[in-house]
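The next block holds one structure in the form of structure tokens; read it before the comments.
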Amino acid sequence: MPIKRSKQEKLPKYAVRFVGYSARIIARKGNAEYAYMDFVSGAAAIFANEGRLLAPKRLVLPSAVAELPPCVPELKSLLKSVTPDSDGTEVVLRRGEVEICVNRGADVERLVSELASRYWAIEPVLEQAEKIGSGIQRLPYADYIDEIAKTGVCRVIW
């Protein structure tokens, strides 16, 4: 028997999957992955349908997202310079430690808009996920990696 919810009681729009030393932020609608965080390096990424934004630290994301619109002309130029016989399915624009990865054939303006809207929608979720994820008890990282190499399994400590 399905659970009936009142009109006021809504499910959250996003879920966080903690796996090993990382977290993935998933939109409940469409089960789309919006973001990724690594608790060892601190790296974070925002995903869109036609590319992604990679940052060395979660705290760099707000400024990286704010700097996306001025990158549009350069991203378009990069995409135009790719020939059909070039290697890879994407182009990468590096801005300091930040990378903007764009799939071939992408609509750059739509990509930039989607990355920004996804980031601003999940910013509070990222903050909560980092706080919770940093407090999860885990094997020491070296032991965690050794166990994966030996067994192929990521074990969780309860």
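All of the numbers you see were taken from the coordinates with simple rules; none came from a lab. Just so it is clear, the structure is predicted and the values come from calculations on it, not from any experiment. Using ideal geometry, Cβ is built from the backbone for each residue, glycine included, and neighbour counts are taken over all protein chains shown.
Things to note:
- Helix 108-135 axis, angle to the chain major axis (alpha carbon atoms, nearest 10°): 30
- Modelled spin labels at K29 and E67, positioned 7 Å past Cα toward Cβ, are 3.2 nm from each other.
- Rounded to the nearest 10 degrees, the inclination of helix 72-81 to the longest alpha-carbon principal axis of the chain is 70 degrees.
- Under the Karplus curve 6.51 cos²θ - 1.76 cosθ + 1.60, θ = phi - 60°, whole-Hz ³J(HN,Hα) for segment 94-107, x wherever Gly or Pro sits: 9, 10, x, 8, 8, 10, 10, 9, 10, 5, 4, x, 6, 8
- Over all directions, the projected convex hull of the C-alpha atoms in the chain averages 13.4 nm² in area.
- Between helix 141-151 and the chain: long-axis angle, C-alpha atoms, 0 to 90°, nearest 10: 90
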